[in-house]
Structure formats: structure tokens, C-alpha cells
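S.K.: Below: one structure in C-alpha cells.
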Amino acid sequence: MSAAVATLGRRDAIDAAAVLAMFGLTMSWGLNGVAAKLSNSGYDPVFLTVARSVIGGALVLLWCACRGIRLFERDGSLWLGQLAGLLFGLEFLLIFVGLDYTSVARSALCVNTMPFWVLLGAHFLLGEQMSARKWIGLLLAFCGVALVFSDRLSLPGPDAMKGDLMSLGAGIAWAAANILIKGSRLTTIGPEKLLLHQLAASAVLAAAMLPFAGPAIRDVALVPTLALLFQAVYIVAFTYVLWFWLMRRYPASGLASFTFLTPAFGVLFSGLLLGEPLSARLFVALGLIAAGLIIVNGAAGRKHASP
């Protein structure tokens, strides 16, 4: 019965509701970089990773309890789920720590190279062949990343390159987690359980690093605390669950075509809300990365639609 209901609930194409949902999600994820930067002013980045995972995980558990979603049945996903979670935790550690050194705009562009690392990983590790169109998209994206690293006008400080490399590493860790999920039995478990695997391992990884980090509390104030709660309550416990729901209901390739909006919103919000320097070169980099995403996802969309 549940399979039949799921089938009836699926859509063959992106409709207006999905467009509005994806616009809201990508705007939220772009704003998340600003929230992470603001929360860093009050709390250590490693502590933030623990707090974000624990608060978000507790709310997801509450959601599952209210919905009657079973989480503790044996399905052979424990160790793979924890490995995916370690990659998830590494991703956010690199993002949070990197934002101590670089700007939100530069971080957003580097982190959101993730789809292209997924393409390369799927090509070499999962046997998914790259078309000429995808290689072109990948080349455009790398040109955009090269522009980010060559742009000196938007550097927030002498250590910005360190933060840029951490952000790029976060995108690679994010891609590695996606490849692991895509190539293993983790694709068969529920999205809530998969998210909780990632949050649990992320919290453990970050907690183990707390003794080597700086003081957990930097400056307790209203803005950093609200920024932390925004990330834990809204981004983790709401937008991630909504994303998983959309992935079950709509074609994945159609949803993926909206991902270029996330770095665009990240760059926009960094200038509007934080007053970060936004050079012309940074906007050209954004255009190249967005064009690459559109080209790659357009190819994926046609492949999905073909019989």
C-alpha cells in the first residue's frame, strides 16, 4: 500500500509548487553562509558543528516520533551511514572554520563546486560515463573556481586563501558523501534515517576535536545565538527534510537544475547583509559556475526524459 501511495504522489515534471519550494530552499541555503559567518563571531566553529548537529538531530528525532517513522530497524546501513556522516561532518567543519578566514561569497562559490566533483567521482568510481556536454560544463566551472582564487580585490584578509581551500575541500567532502550514498545501500533507507546518521557522526567527529579547538564561547550575544538556531532549527531540521521530500516526489534531474541559485544567493546576501567586497571578477566567476551547472543539469534532464 505504501509503495502505491508513493507512486501516486510522484510527479513526472517540475510544477509551480516545486519551483517555489526550490527557490525558497536555495535562498535559504545561500543565506546559511551569512548565518554561519555571524555565528562564528560568538562561538567557536568546532563547537558550532556539535551544537548544530545535536539540536537539529533532536528535532528530526521528534519529527520522526510524531510521524511514526521507524529508525532503529536493522538494515545494514550503520557503518556506511556513519562513514557518510563523517564526510558530512568534515564538510561542515571545513565550512565553519574556513569562514573564519574567507568571505561568505568566496566560500559559497567554492563549496558549491560539489556537483562537479560528483560528476568526476561518478565517472571514475561508479562507471557513469561523461558526455562531451558535461565535460564542457565541468570546464566552465573550473574556470570559475580559478577566477575566485585569482581575485585579489575581494580578499577579506591575508589568510583568505586558507579559507578558500577549506571551502573547496568542503565541496569535495560533500561530493564524496553523495557518491558514497549513490553507490551503496544507503539509497534504500529513509531520508530521515540517512540525515540522522550524518548528524550523529558529524557531532561525534566535531566533539572529538573540541579539546584541540579554541574556547567554545567567544562572545555570547543575541545575533550569533539566533544565527546558530537558524542553522540548527530551520536549515537542518526543516529545509533538509523538505529537500528529501521533494527528491522523493519530483524528478531529481529537474530539481538539480535549480542548484546554481545557491551560490548566487550566497554572493548576493554576503554583499547586502555583511557588506563584503564583491568585485566584477567574482561575478564573472559566479556566471561561469552557474553556466556550468545549467549545462550539466540540462544534459542530465534530457537523459532522464528519454525513454
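S.K.: Within the bounds of segment 16-37, is there any residue that is hydroxyl-bearing (S, T, Y), over 18 Å from V111 (Cβ atoms) and surrounded by fewer than 20 Cβ atoms within 10 Å (Cβ to Cβ)? Spell out the reasoning first.
M.R.: Let us first name the residues in segment 16-37 that are hydroxyl-bearing (S, T, Y), namely 26, 28.
Narrowing the set further to residues that are over 18 Å from V111 (Cβ atoms) leaves none.
Within segment 16-37, none of the residues are hydroxyl-bearing (S, T, Y), over 18 Å from V111 (Cβ atoms) and surrounded by fewer than 20 Cβ atoms within 10 Å (Cβ to Cβ).
S.K.: Which of (1) under 18 Å from I69 (Cα atoms); (2) out of contact with any Pro (no Cβ under 8 Å at 6 or more places or on another chain) is the odd one out, the single condition F244 does not satisfy?
M.R.: Of the numbered conditions (1) under 18 Å from I69 (Cα atoms); (2) out of contact with any Pro (no Cβ under 8 Å at 6 or more places or on another chain), the odd one out for F244 is (2).
S.K.: Could you please find all residues in segment 256-294 being under 14 Å from M27 (Cα atoms) and of a type in the set (V, I, T)?
M.R.: Just the residues of segment 256-294 that are under 14 Å from M27 (Cα atoms), to begin with: 258-270, 272-273.
Within segment 256-294, T259, T262, V267 meet the criteria.
S.K.: What number goes with the only condition from (1) under 17 Å from the mean Cα position of the chain (by Cα); (2) at pLDDT 85 or above that I136 does not pass?
M.R.: (1)
S.K.: With the checklist (1) closer than 28 Å to E192 by Cα; (2) modelled with pLDDT under 85; (3) not in a loop (DSSP other than H, G, I, E, B) in hand, flag the one item G292 doesn't pass.
M.R.: The number of the failed condition is (1).
S.K.: Something else: Does at least one position in segment 94-107 carry a residue that is of a type in the set (D, E), out of contact with any strand residue (DSSP E or B) (no Cβ under 7 Å at 6 or more places or on another chain) and surrounded by fewer than 18 Cβ atoms within 10 Å (Cβ to Cβ)?
M.R.: Going through segment 94-107, the residues of a type in the set (D, E) turn out to be 100.
If we keep only those that are out of contact with any strand residue (DSSP E or B) (no Cβ under 7 Å at 6 or more places or on another chain) too, we end up with 100.
Remaining after also requiring surrounded by fewer than 18 Cβ atoms within 10 Å (Cβ to Cβ): 100.
Within segment 94-107, one or more residues are of a type in the set (D, E), out of contact with any strand residue (DSSP E or B) (no Cβ under 7 Å at 6 or more places or on another chain) and surrounded by fewer than 18 Cβ atoms within 10 Å (Cβ to Cβ).
S.K.: I've got another one for you. Report whether or not A108 is in a helix (DSSP H, G or I) and under 26 Å from L272 (Cα atoms). Let's see the steps before the verdict.
M.R.: Details: in a helix (DSSP H, G or I): yes; under 26 Å from L272 (Cα atoms): yes.
Yes, satisfied.
S.K.: Ok, one more. Considering only residues of segment 183-235 that are surrounded by fewer than 18 Cβ atoms within 10 Å (Cβ to Cβ) and among the charged types (D, E, K, R), which is farthest from G30 (Cα to Cα)?
M.R.: Result: R185.
S.K.: Which one of G157, G163 is crowded, with 20+ Cβ neighbours inside 10 Å and not β-branched (V, I, T)?
M.R.: Working: G157 fails: crowded, with 20+ Cβ neighbours inside 10 Å.
The match here is G163.
S.K.: Now, a different point. Name the residue, out of L62, L125, that is surrounded by fewer than 14 Cβ atoms within 10 Å (Cβ to Cβ) and within 19 Å of F230 (Cα to Cα). Step through it out loud before you land on a result.
M.R.: On the way: L125 fails: within 19 Å of F230 (Cα to Cα).
L62 is the lone residue from the list that is surrounded by fewer than 14 Cβ atoms within 10 Å (Cβ to Cβ) and within 19 Å of F230 (Cα to Cα).
S.K.: Also: Residues of segment 248-270 being modelled with pLDDT under 80, among the polar types (S, T, N, Q) and in contact with a Lys or Arg (Cβ under 9 Å, 6 or more places away or on another chain), which ones?
M.R.: Residue satisfying the conditions is S253 alone.
S.K.: Sticking with this one: Could we say that P224 is out of contact with any Leu (no Cβ under 9 Å at 6 or more places or on another chain) and either of a type outside the set (V, I, T) or touching a residue at least 24 places away in the same chain (Cβ under 8 Å) (or both) here? Break it down stepwise before answering.
M.R.: Working: out of contact with any Leu (no Cβ under 9 Å at 6 or more places or on another chain): no; either of a type outside the set (V, I, T) or touching a residue at least 24 places away in the same chain (Cβ under 8 Å) (or both): yes.
Criteria not met by P224.
S.K.: Tell me, please, whether a residue that is touching a strand residue (DSSP E or B) at 6+ places or on another chain (Cβ under 8 Å) and part of a helix (DSSP H, G or I) can be found in segment 227-244. Reasoning before the result, please.
M.R.: If we filter segment 227-244 for residues that are touching a strand residue (DSSP E or B) at 6+ places or on another chain (Cβ under 8 Å), which is where we start, we get 228.
From what's left, part of a helix (DSSP H, G or I): 228.
Yes, that holds for at least one residue.
S.K.: Hey, does segment 109-131 have a residue that's without any contact (Cβ under 8 Å) to a residue 12 or more places away in the chain and among the hydrophobic types (A, V, I, L, M, F, W, C)? Steps first, please.
M.R.: Here is the first cut: in segment 109-131, the ones without any contact (Cβ under 8 Å) to a residue 12 or more places away in the chain are 123-124, 127-130.
Add one more test, that the residue is among the hydrophobic types (A, V, I, L, M, F, W, C), and what stays is 124, 130.
Yes, segment 109-131 has at least one match.
S.K.: Moving on to the next point. One residue is enough: does segment 271-279 have a residue meeting the conditions surrounded by fewer than 16 Cβ atoms within 10 Å (Cβ to Cβ), modelled with pLDDT of 90 or more and part of a loop (DSSP other than H, G, I, E, B)?
M.R.: Yes, the conditions are met somewhere in segment 271-279.
S.K.: When you go through (1) closer than 16 Å to V111 by Cα; (2) in contact (Cβ under 8 Å) with a residue 60 or more places away in the chain one by one for L180, which number turns out not to apply?
M.R.: Against the list (1) closer than 16 Å to V111 by Cα; (2) in contact (Cβ under 8 Å) with a residue 60 or more places away in the chain, L180 comes up short only on (1).
S.K.: List pairs: first residue in segment 152-173 and farther than 30 Å from L86 by Cβ, second residue surrounded by fewer than 23 Cβ atoms within 10 Å (Cβ to Cβ) anywhere in the structure, Cβ distance under 6 angstrom, at least six positions apart or on different chains.
M.R.: L153/S279; S154/P277; S154/S279
The values are calculated or read from the model by the stated rules, or taken from the named source; none is laboratory data. Quick caveat: nothing in here was measured; it's all calculated off a predicted structure. So basically every Cβ, Gly included, is an ideal-geometry build from the backbone, and we count neighbours across all protein chains shown.
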